[in-house]
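Notes to accompany the following structure.
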Amino acid sequence: MFKIAVKDLKLFMADKRAMLLTFLLPIPLITLFSLAFGGSGKSSEARPTILIMCDEDKTKASHHIVEQLDSLKEIKVQLSSLDTIKRWIGNGDEDAALILHKGLSDSMDAGKPLPMELIYDKAKEMQMGILMSALSGNLMRFAGTKSFEKKALANFDKQNPGMDSAMREGVHAMIASNFSGGSRDGGKDEPMLKATPMEAQKENSPGLVQAVAGTAVMMLLFSVAGLGASLLQEREDGTLKKLLFSPLSPSNILFGKMISANLVAMAQLLIMFLFSWLVFGLNIKQNIPGLILMIVATAFACSGFGIFLASVAKSRAQVQGMTTLIVLTMSAIGGSMIPSFVMPAWMQHMAVVSVNYWSIQGFYDIFWRVLPVTSPVFLMRVAVLLGIGLVLNFLAVRLYKRNIKSIA
Amino acid sequence: MELLQGLFIPNISPTLNDNIHFMIKVENLKKSYGDVPALNGVSFEIKEGEFFGLLGPNGAGKTTTISILSTILEPNEGKVTIGTYDLKKDPGQCKRTIGVVTQEIALYNKLSAYENLMFWGSLYDVPADDLKNRIAETLQLFGLADRQHDKIETYSGGMKRRINIASALLHRPKVLFMDEPTVGIDPQSRNLIFEVLEKLHKEGMTIVYTTHYMEEAERFCDRIAIIDKGTIIAQGTLNELKNTGGLKESIAVTFLNLTDLVKTKIGTFLGGEFKFEENVLHSYTSNVKTDLSRLIIGCSEAGADIVNIEIQKVNLETVFLSLTGKQLRD
Ligand SMILES: Nc1ncnc2c1ncn2[C@@H]1O[C@H](COP(=O)(O)OP(=O)(O)OP(=O)(O)O)[C@@H](O)[C@H]1O
Ligand SMILES: [Mg+2]
């Protein structure tokens, strides 16, 4: 089994084209995409986001919040009336607006949940995540105290009941980190001032994450399909038949292939992330266990895809055709080429059938939503990827066992 | 694994329940591919150390037989024993007993000859050091030691065939199956392969060799089975086969013209079997040498002008022809 894997790796390394495709081609592609999505690591240079606001409270406190937000370099506040705002969003002209409802000042004094509301276009949930994360911390800082934290979370949940749970977790994490100080359940006498400077929460730009994860998964699918095709190559060359003469069991031959496909896939992902770290400053050290988990899960799902394809197809030419079609389709709907959030809702729903979607979302979880490894949302994505890999590998073994009989 | 030690000298454990040591016993093999029958009840036995030929035209069922014997194809019916092992019950042991050289060259083109041999040998759990030694020996044997680190894709067809054969020998099988190993090959490589085969045979390896070249079968094989349309139509030593169907050598004499008078004159001095076909006399004989001169003298005395004389020996070709009514090679 391992002998097969070692041999496959040797063959793979002897094949310059495959090596190039696997390890070099993705690099210019990542570069290209990350430029396209404006994903350099330095978010400080980004243009300020226009934040539409409506101040219904019209108190000193509410005014203060507006001013403070406006003073942030990444946000430029534009005030408007509630009716206008609702019309804008309804028409899709604007994505979102922050409403400070009446009674804000009183609630602040009383330490009650703040009547703030973010209304946004349902179709643009993703952008909301970005905005939310930028806002929540600052808002709480201006409005508040540490004691607000739990209320803020509850408030956020109540106000946004329809939000995707991953997004919610991301925002929660954001909010929590902005209340900072670290010891959430620690001493009660802790200073109530927010201590985390903006610098410290510098996450990876979503554009960069998108570029890296999207490209990585797509290129991985292509290269594992090539590896899978080596099974068919062996069939055409007669070496598969010759392997069957040996004491190896037929399944071991396939398992060997799976091992080598997984190893190559993991190496490819690792190299891409290292590259993105060195060149684009993607902060991969932020969550190393999470990254390892995602790399393993993604490699497993993708290599399962490659092996499955090889056992379905009848010839290498067929694999190539099928690969191009399936990988491009999956990449397109799964968000490898264009981020899922800019796609129409129906397409976003369809995305769940692609490996790309789960993988890219998982990488978002790590690098941008900054979810902990133990987060159920993140673990769920890992589980889905492993599940996809398991099913594909299982089907591949079944098909292979049936096909192997006709090889003699 | 101890059984497989020694330089190509199979150390065969005797079949205890048999008086004669059959290395391979094939009983009533039947196989069809869908509706296409490929084997219709093939049986033969091969003694240990025997060079056994399976001779037959294209599509006769040679590869099918070899595929079944080498465990990768399941027969519809029949029983195969290799050494002491039942093929069906103990395919693993059978696989370790045999080496298979396929009709097609099956090597990794992107790897060197050495790497290929290393890989194929490693599948049989030969200890690494032993394997290295054996590879060196084998490369020497096949005259490819100096090219061992070149990629297979740079080899000529004949060189690839040599490595293809070498790769089946590294685990020192007791039995070697070779399926038409000399198809499409240059004379130099062919001779080298023949030399190696003779060496292996001398060292006691049991060899099953399929071919549709009767010259090869005649040259090497201790015993031959002739197979056609999935049926063994004759088997035995070369001499036994030559005697099947009462075939005799014949002298064919072509005359300028033959009158009835001349025919009767010739008929009186010719003993044994003969027949006239137009201007040709076929005289069947068991001793061409003495009969030939007698025939020529007799004919000229009878006043017949001889145009051509042809000696028709009995060989596998004529045996095949007489058994099937068709040529071995079309
Ligand atoms: N995979 C297959 N599917 C269907 N029919 C097959 C298959 N393999 C062989 N046959 C048929 O079975 C018969 C025996 O074929 P086989 O390959 O054993 O012949 P062979 O003696 O090895 O011929 P050759 O000298 O051409 O190699 C032929 O009629 C062939 O067409
Ligand atoms: Mg054949």
Residue B:312-residue B:47 FRET efficiency (beta carbon distance; Förster radius 45 Å; 0.05 resolution): 0.90
Over 21 Å [Cα-Cα, the range B:104-196], rounded percent: 24
Exercise: per-residue mean of other protein chain Cβ atoms within 10 Å, B:118-127: 4
Positive minus negative residues near residue A:63 (Lys, Arg vs Asp, Glu; Cβ under 14 Å): -2
Subset of A:401/B:79; A:241/B:89; A:241/B:229; B:31/B:151 violating a 29 Å alpha-carbon distance limit: B:31/B:151
Theoretical FRET efficiency, 1/(1+(r/R0)^6), r = Cβ-Cβ of residue B:327 and residue A:314, R0 35 Å, to 0.05: 0.45
Protection proxy ranking, peptides A:393-400, B:120-127, average beta carbon neighbours within 10 Å, highest first: B:120-127, A:393-400
Cβ-derived FRET efficiency at R0 25 Å, residue B:289 paired with residue B:239, nearest 0.05: 0.90
Stretch gain in nm, segment residue B:300-residue B:79, where the contour uses 0.36 nm per residue and the Cα spacing is subtracted: 73.5 nm
Derived scalar couplings ³J(HN,Hα) [the range B:47-52; Karplus, 6.51 cos²θ - 1.76 cosθ + 1.60; whole Hz; x for Gly, Pro]: 7, 5, x, 7, 9, 10
10 Å Cβ neighbours from other chains, averaged over peptide B:106-117: 4
Inter-part distance where the range B:223-275 and the range B:277-330 are each reduced to a Cα centre, Å: 7
Within the range B:224-255, backbone nitrogen closer than 17 Å to the virtual label 7 Å beyond the Cα of residue B:58 toward Cβ: B:228-230
Residue pairs, from the table A:405/B:30; B:174/B:199; A:314/B:95, whose Cα atoms sit over 24 Å apart: A:314/B:95
Amide H partners (placed H, <5 Å) of residue A:52, local residues excluded: A:78, A:98
Chain B: angle of helix B:187-202 to the longest principal axis, Cα-based, in degrees nearest 10: 80
Highest-first arrangement of A:355-367, B:289-301, A:288-300, where packing means the average Cβ count within 10 Å: A:355-367, A:288-300, B:289-301
Acute angle (nearest 10 degrees) that the helix B:260-269 long axis makes with the longest principal axis of chain B, alpha-carbon atoms: 60
Karplus-derived HN-Hα couplings along the range A:391-400 (A = 6.51, B = -1.76, C = 1.60, θ = phi - 60°), whole Hz, x at Gly and Pro: 4, 5, 5, 4, 4, 4, 4, 4, 5, 4
Reduced Cα scattering model of the range B:248-313, Debye log10 I(q)/I(0), q = 0.23 Å⁻¹: -0.95
Non-local Lys pairs in the range B:248-313, i.e. 8 or more apart or on different chains, that have alpha carbons under 16 Å apart: 6
Diffusion constant of chain B at 20 °C, which comes from Stokes-Einstein with the Kirkwood Cα-pair radius and 1.002 mPa s, µm²/s: 96
Between 0 and 90°, nearest 10: helix B:128-141 axis offset from chain B longest Cα axis: 30
Placed amide H near residue B:101: partners under 5 Å, 5+ positions off or other chain: B:177, B:178, B:179
Placed amide H near residue B:234: partners under 5 Å, 5+ positions off or other chain: B:226
Residue-count net charge about residue A:359 - beta-carbon cut-off 13 Å; Lys, Arg +1, Asp, Glu -1: 0
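None of the figures in this text is laboratory data; all of them are computed from the coordinates on show. What you are looking at is a predicted structure, and each value in this text was computed from that prediction instead of being measured. Neighbour counts are summed over all protein chains in view; Cβ atoms, including those assigned to glycine, are modelled from backbone coordinates with ideal geometry.
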